[in-house]
Amino acid sequence: MTATRRNAAGLVVLALAVLVPPALGEYRTYVLCLMAIYAIGSIGLTVLVGHGGMISLGHAGLVCVGAYGASLLMIRADVSFWLALPLATAIGMLVGLALGYPFLKLDGPYLAIATFGFAVALPEVINRWSAFGVGDPALFGGALGLNPPSPAIGSLIINTSLRFWYVCLAVLVVAVLLARRILSSRWGQDLRAYRQSPPAASAYGVRTRRVRVWSFAVAGGYAGLCGALLAHHLGAVGTSSFSLTLSITFLMMVVIGGVESVAGAVVGAVAVVALQEWLTGQTSNLQLWYGVALLLAVMFLRGGVVGMVQARLRRLRHRDEAEHA
């Protein structure tokens, strides 16, 4: 598919995303918001996993950082929602940097286990904060969690799913455009070179340590932004929302959509959330079917949904060229 056709398809999808939701009703629009929010988090994981080749099971921990960071800024510091979004992104990037440095020498299953440890430990620290005797024992809201206020634009309060959908859509569009800009830059090329072969990339002058650390920072920034939006969407922030299951869900989104594609992150988020909604009404064995879906995606969709579509379009184009040759 040419760039012109991709842009045209993107504009059609964007027009539908603007025009269709008012006819869907409150609950379906709520689900659409969740798809957009998860898509933003998945884009960050695509940078780390798909383009950097580093497996992370700690993405839910970074989303948790963004959710609690934005909520604390709004509740404790009286920061507006619109300022809390970029600040939560920055906090996520800083935490990503803090993780990237000690994980520099880890790779493969060791990196996966290290990030898994972060995702498990962070909620426990928040739950047991009062036992540490540091600062305000109720800083994180205790068992009840935190309830961030609804955002507003002047006198217009964003207190319905439809209003919040347009906020999520705008943020998602910016996130997609920024990710494409980042991945098409020299840094993105260096990151893909690192994925192919770290020694070869280093021999060609790629500063592999910096590339690796900043990939964690980019993933953390997107996760922080995702968490800030999720905090408002859920209406309450508690550690139970950021379990290991969420990390696995993000990994499913990336694999099913296509690990090397920003569009794949969006498609994967839509597919997995839609699957969740359908399975919730069909069965109680959600984890079983999640596993089955992930297994089938790995076996039959090696490039994800987007990769499958791209391969099909290439075959059709080559066949047309052969027929007209």
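The values are calculated or read from the model by the stated rules, or taken from the named source; none is laboratory data. Fair warning: this is a prediction, and the values are worked out from it, not measured in the lab. Neighbour counts run over all protein chains shown; Cβ positions are idealised from the backbone, glycine included.
Which members of segment 289-307 meet the condition of being part of a helix (DSSP H, G or I) and in contact (Cβ under 8 Å) with a residue 40 or more places away in the chain? Passing the criteria: Tyr290, Ala293, Leu294, Ala297, Val298, Gly304, Val305, Val306, Gly307.
Taken as a whole, the condition of being at pLDDT below 85, charged (D, E, K, R) and closer than 28 Å to Gly304 by Cβ applies to Asp107.
The rows are residues; the columns are (1) within 24 Å of Leu146 (Cα to Cα); (2) polar (S, T, N, Q).
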| position | (1), (2) |
| --- | --- |
| Ala231 | yes, no |
| Thr239 | yes, yes |
| Thr245 | yes, yes |
| Phe250 | yes, no |
| Ser261 | no, yes |
| Ala293 | no, no |
| Met299 | no, no |
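Being within 17 Å of Gly53 (Cα to Cα), buried (at least 17 other Cβ atoms within 10 Å of the Cβ) and in contact (Cβ under 8 Å) with a residue 40 or more places away in the chain narrows it down to one residue among Leu191, Leu246, Leu225; which is it? The match here is Leu191. Considering each of Ser161, Ser197, Ser184 in turn, give the residue that is surrounded by 11 or more Cβ atoms within 10 Å (Cβ to Cβ) and modelled with pLDDT of 85 or more. Among Ser161, Ser197, Ser184, only Ser161 is surrounded by 11 or more Cβ atoms within 10 Å (Cβ to Cβ) and modelled with pLDDT of 85 or more.
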